[in-house]
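The values are calculated or read from the model by the stated rules, or taken from the named source; none is laboratory data. Bear in mind the structure is a predicted one, so any value in this text is a computation, not a measurement. Cβ placement follows ideal geometry from the backbone for every residue including glycine, while neighbour counts extend to all protein chains displayed.
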């Protein structure tokens, strides 16, 4: 009887804890960092279209000339936006296929909420899981 209870408890714990925060690919540090950076770039482009376009052309020219400092300059431009983005909520993953999940997160930036839909692909499942993150869509919440 005790063995049965332990097995049942183990089964319940395993099934119920599959997507606890530390097992949720949607809320992994890497995934949220990538989503935050992508959203910050989008906000920067919305607020500064001319500067974003000039950064793009400068980065293209510097790629041909072999200079590497333009990416650092752009990251320093979006860093204040990244710091102001506040995570409000993260969805539980919806399994798209084996090792692929659809996720969504709600961020707040200067009083305005934005919903980001993104896909997380598990690319390594060793001791530490690694994920590839791709933003699908972002929407402002009115």
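Is it the case that residue 91 is farther than 26 Å from residue 142 by Cα, within 13 Å of the chain's Cα centre (by Cα), surrounded by 15 or more Cβ atoms within 10 Å (Cβ to Cβ) and modelled with pLDDT under 95? Spelling it out, it is not the case that residue 91 is farther than 26 Å from residue 142 by Cα, within 13 Å of the chain's Cα centre (by Cα), surrounded by 15 or more Cβ atoms within 10 Å (Cβ to Cβ) and modelled with pLDDT under 95. The residues of the range 107-139 that are loosely packed, with under 11 Cβ neighbours inside 10 Å and more than 16 Å from residue 23 (Cα to Cα), listed by number, are 110, 111, 137.
The lone criterion from (1) loosely packed, with under 15 Cβ neighbours inside 10 Å; (2) under 19 Å from the mean Cα position of the chain (by Cα); (3) over 19 Å from residue 33 (Cβ atoms) left unmet by residue 64 is number (2).
Got at least one residue in the range 19-35 being at pLDDT 90 or above, in contact with a helix residue (DSSP H, G or I) (Cβ under 7 Å, 6 or more places away or on another chain), assigned to a helix (DSSP H, G or I) and within 23 Å of residue 131 (Cβ to Cβ)? Looking through the range 19-35, at least one residue is at pLDDT 90 or above, in contact with a helix residue (DSSP H, G or I) (Cβ under 7 Å, 6 or more places away or on another chain), assigned to a helix (DSSP H, G or I) and within 23 Å of residue 131 (Cβ to Cβ).
Taken as a whole, the structure places residue 3 among residues that are at pLDDT below 85 and either more than 9 Å from the chain's Cα centre (by Cα) or surrounded by 17 or more Cβ atoms within 10 Å (Cβ to Cβ) (or both).
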